[in-house]
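Here's the structure we're looking at; comments come further down.
The values are calculated or read from the model by the stated rules, or taken from the named source; none is laboratory data. Predicted model only: the values in this text are computed from it and were never measured. Virtual Cβ from ideal backbone geometry, glycine too; neighbours counted across all protein chains shown.
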Amino acid sequence: MCNANGDQPIRLKRRPIAQSIENLDQLLSLEQGRMSRDVFWDKDIYEQEMERIFARCWLFVAHESQIPKAGDYVSTYMGEDNVLIVRQKDGSIKGFLNTCPHRGNKVCFADLGNARQFVCNYHGWAFGIDGGLKGMHASETYEAAGMDKSEHGLHPVAHVDSYRGLIFATLDPDAPSLADYLGDMRYYLDAVFDMDEGGTEFIGGCVKSVIQCNWKYASENFVGDILHAGWTHDSGAKAMVGGPVAEVHKTPEQSYHVNFNGHGWEFNQDIVGNCATLGEKELLKYLYVLQPKVAERLGELRSKMIGAISSCTLFPNTSFLPGQNTFRTWHPRGPGQIELHTWTFVNKKAPQEIKDMWRKGTMMTFSPSGVFEMDDGENWEYSTRSNAGFVTRQQDLYLGLGHDTRVEDTDLPGNVYQGQINEANQRAFYQRWLDLMKADSWKTVPQRDVPKMKEGV
Amino acid sequence: MNAKTTLPEIPVDAETQRRVEQFLFREARLLDNERWDDWLALMAEDIHYWMPTMENRRRADKNGTYAIDRGALYNDNLRDLTRRVTRFKQPTAWAEDPATRHAHVVSGIEVYQGGQAGEFIVHSTFVNYRSRVEKDNDLLVGRREDVLRADGDGFRLARRKIIITQSVLMAKNLNTFL
């Protein structure tokens with residue numbers, strides 16, 4: 001972990017935490033499998049999420065492969081805060097708010113690129129890739145005013161760290177380590193991001209779109225809702241493979257929900273089920289050849305997850321699909337809108353034609369023009385929008401599937417539930433949400449989940 | 001936009017120009033009326049139907065705004081287009097029921113001789129407006145560069161490049177062709 005701040009004084013004075021909305025406990029009755037619709041609609045709840053979730057949690061910001069060389073950068077978001085993630089000369093990675101400390105203008109308008117410096121268009125303040133203020137137009141006027149350049153760098157994020165090529169950042173100096181934050185979910189992350197010795201990379205750039213829905217509808221869908229696929233995605237499955245979605249509810253003994261710290265993964269052990277929906281036989285062959293090697297490195301169970309029917313959300317707003325190889329962040333834009341950023345990930349050592357098939361496969365299935373995603377957006381938009389009704393939003397919603405499915409006697413890390421048709425992960429996601437929303441600082445966030453993995457493994 | 005045509009721009013005769021315009025106007029009507037199979041029949045066997053996504057990069061960045069190996073909303077051959085049409089035709093294509101209302105407006109049509117005999121390079125601009133249920137309205141504006149190939153009395157579409165103005169697609173999906 002590195003503190004991007006270095007020795008620079010921080011000119012950003014964080015205001016004390018705002019008083020919490022009262023009676024947050026009443027929003028969720030998870031034991032009864034009920035929850036309030038206010039969490040998807042209320043503007044005050046959204047504002048509190050910005051402070052207590054997005055300005056506090058570790059958020060995915062980039063993949064290492066996107067910024068291999070010194071000066072390489074991507075512009076992304078942490079909540080609604082625009083940040084630049086920049087590779088340094090020593091190979092480390094720093095993150096800064098993309099805003100000039102002089103009059104507040106954005107200093108970088110490109111989505112990505114390589115920079116020697118970031119220069120503000122307004123008054124020509126120029127910042128090095130380390131965030132330090134190097135100079136400005138008519139610099140003698142500032143000298144005459146006695147301004148100290150060293151006090152006016154770009155504001156750094158609190159911490160940057162990475163796991164298996166995935167770079168995360170947090171805006172909270174008091175956040176736990178990334179290893180603690182991800183906890184036992186790292187065990188499962190390895191099944192996808194460490195299935196091959198070379199690790200993974202992002203290819204083909206970023207596809208961005210806007211959906212008029214609350215961010216949690218998207219996150220909770222990927223955290224555990226395979227149930228929707230058999231119904232929502234029937235048309236997409238028929239388009240890609242000529243038949244309906246696999247009926248995974250009939251074989252719960254082969255599948256699981258696992259969660260830790262609000263992150264969740266629902267998965268089958270069918271090796272290639274997700275991948276099959278891309279309709280490319282060569283990809284299935286690639287995974288079947290790889291599977292025994294993964295079994296040697298990571299064991300039998302994880303080798304069967306590499307492209308299986310499954311989905312994962314890393315709390316709060318980053319998700320991916322093994323096998324379909326789409327990786328995505330649902331950036332919040334008010335309670336009723338998200339900006340969706342999606343990438344394609346592949347094993348770095350995969351043959352080029354295999355990588356190209358996955359790049360095209362994510363486009364055909366999970367992109368705004370994709371035959372699966374096409375039907376998701378509308379569901380989430382109207383799940384959100386119907387809550388405009390004053391009386392409508394006083395009706396509770398149901399999330400009670402799989403109440404008695406906890407597997408107690410298991411060596412598997414995390415909280416384990418039998419059967420991927422389940423809402424255990426969704427309930428854990430909202431429990432974590434509530435814990436963070438109620439806590440005044442990281443110190444008072446309850447540690448509900450007991451890690452089986454060692455710190456820093 | 002960094003679209004470049006390396007071929008010299010040799011205009012065609014007025015009758016060819018008129019026939020190409022009719023082809024594009026009819027194509028737009030087929031899409032407006034969800035006549036998906038009739039639309040697919042306009043494609044050549046080797047169609048490359050490409051709609052890259054736009055990246056905001058500095059002008060000095062030689063990687064350009066878009067590229068064939070980067071993000072795309074369409075990067076399709078005939079098999080891919082056929083799969084998309086298959087979804088549109090399913091009774092379980094929930095986001096198409098009730099039907100989306102489409103208007104494909106095509107304008108600014110320029111026709112030049114292509115690189116092969118019987119091929120034509122066709123530039124056009126488009127406005128696409130989609131409306132769904134009560135008030136979901138999505139607007140896309142852009143420019144296309146096509147290669148049309150003479151086929152009997154008509155044409156087939158052999159290449160299409162679609163460049164839209166948006167870098168963040170301001171819509172939940174793209175449930176049409178452009």
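Things worth noting here:
- For the residues A:184, A:180, the requirement of being of a type in the set (Asp, Glu) and buried (at least 20 other Cβ atoms within 10 Å of the Cβ) singles out A:184.
- Residue, surrounded by the most Cβ atoms within 10 Å (Cβ to Cβ), within region B:39-92, restricted to residues that are in contact with a helix residue (DSSP H, G or I) (Cβ under 8 Å, 6 or more places away or on another chain) and among the acidic types (Asp, Glu): B:76
- At least 2 residues being within 14 Å of chain B (Cβ to nearest Cβ) is the threshold, and among the helices (runs of 4 or more DSSP H) wholly inside region A:157-254 those reaching it are A:215-224, A:227-232, A:234-241.
- Taking the numbered list (1) buried (at least 24 other Cβ atoms within 10 Å of the Cβ); (2) closer than 26 Å to residue B:79 by Cβ; (3) small (Gly, Ala, Ser) in turn, residue A:350 passes all entries but (1).
- All positions within region A:314-330 that are within 22 Å of residue A:204 (Cα to Cα) and either within 9 Å of the chain's Cα centre (by Cα) or outside any strand (DSSP E or B) (or both): A:317, A:318, A:319, A:320, A:322, A:323, A:324, A:325, A:327, A:328, A:329, A:330
- Qualifying residue in region A:115-123 (condition: on the phi > 0 side of the Ramachandran plot and either in contact (Cβ under 8 Å) with a residue 12 or more places away in the chain or surrounded by 14 or more Cβ atoms within 10 Å (Cβ to Cβ) (or both)): no
- Top-ranked residue of region B:149-178 - restricted to ones that are of a type in the set (A, V, I, L, M, F, W, C) and under 12 Å from the mean Cα position of the chain (by Cα), ranked as nearest to residue B:20 (Cα to Cα): B:157
- Residue list for region B:104-118, restricted to those being polar (S, T, N, Q) and not in a strand (DSSP E or B): B:116
- Unique match (being more than 9 Å from every other protein chain (Cβ to nearest Cβ) and among the polar types (S, T, N, Q)) among B:65, B:53, B:92: B:65
- Verdict on residue B:168 being surrounded by fewer than 18 Cβ atoms within 10 Å (Cβ to Cβ) and either closer than 22 Å to residue A:206 by Cβ or within 14 Å of another protein chain (Cβ to nearest Cβ) (or both): yes
- Boolean, residue A:369 is in a loop (DSSP other than H, G, I, E, B), without any contact (Cβ under 8 Å) to a residue 24 or more places away in the chain, within 14 Å of chain B (Cβ to nearest Cβ) and of a type outside the set (Lys, Arg): yes
- Subset of region A:124-156 (residues that are crowded, with 20+ Cβ neighbours inside 10 Å and either without any contact (Cβ under 8 Å) to a residue 12 or more places away in the chain or assigned by TED's automatic domain parsing to the domain that holds residue A:206 (or both)): none
- Filtered residues of region B:68-89 (kept if touching a residue at least 12 places away in the same chain (Cβ under 8 Å) and either among the polar types (S, T, N, Q) or more than 7 Å from chain A (Cβ to nearest Cβ) (or both)): B:68, B:75, B:76, B:77, B:78, B:81, B:82, B:85, B:88, B:89
- Taken together, the criteria exclude residue B:95 from residues that are over 15 Å from the mean Cα position of the chain (by Cα), surrounded by fewer than 17 Cβ atoms within 10 Å (Cβ to Cβ) and not in a strand (DSSP E or B).
- Flag if residue B:54 is modelled with pLDDT under 95 and out of contact with any Leu (no Cβ under 6 Å at 6 or more places or on another chain): no
- Taking every residue in region A:6-31 that is outside the structural domain of residue A:398 (by TED's automatic domain parsing) and under 13 Å from residue A:52 (Cβ atoms) and pairing it with any residue that is at pLDDT 95 or above and assigned to a loop (DSSP other than H, G, I, E, B), at least 6 positions away or on another chain, the pairs with Cβ-Cβ distances below 6 Å are A:17/A:440.
- Answer residue from region A:424-457, given it is among the charged types (D, E, K, R) and buried (at least 24 other Cβ atoms within 10 Å of the Cβ) and is farthest from the chain's Cα centre (by Cα) among those: A:427
- Lone qualifier among B:14, B:60 - being out of contact with any Asp or Glu (no Cβ under 9 Å at 6 or more places or on another chain) and either within 14 Å of chain A (Cβ to nearest Cβ) or closer than 28 Å to residue B:131 by Cα (or both): B:60
- Leading residue by the ranking (farthest from the other protein chains (Cβ to nearest Cβ)) among those in region B:18-37 that are over 15 Å from the mean Cα position of the chain (by Cα), free of Cβ contacts under 8 Å to residues at least 12 places away in the same chain and assigned to a helix (DSSP H, G or I): B:18
- Taking first residues from region A:382-408 that are modelled with pLDDT of 95 or more and partners that are aromatic (Phe, Trp, Tyr) and part of a strand (DSSP E or B), the Cβ contacts under 6 Å between residues at least 6 apart in sequence or on separate chains come to A:402/A:417; A:405/A:417; A:406/A:417.
- Residue within region A:44-64 that is of a type in the set (D, E, K, R), crowded, with 20+ Cβ neighbours inside 10 Å and part of a strand (DSSP E or B) present: no
- Residues that are within 14 Å of chain B (Cβ to nearest Cβ), assigned to a loop (DSSP other than H, G, I, E, B) and either surrounded by fewer than 23 Cβ atoms within 10 Å (Cβ to Cβ) or hydroxyl-bearing (Ser, Thr, Tyr) (or both), drawn from region A:81-114: A:98, A:106, A:109, A:110, A:111
- Qualifying residue in region B:111-133 (condition: buried (at least 17 other Cβ atoms within 10 Å of the Cβ), at the interface with chain A (Cβ under 10 Å from one of its Cβ atoms) and either without any contact (Cβ under 8 Å) to a residue 60 or more places away in the chain or under 13 Å from residue B:175 (Cβ atoms) (or both)): yes
- Residues that are in contact (Cβ under 8 Å) with a residue 12 or more places away in the chain, out of contact with any Leu (no Cβ under 7 Å at 6 or more places or on another chain), at negative phi and not in a helix (DSSP H, G or I) do not occur anywhere in region A:282-298.
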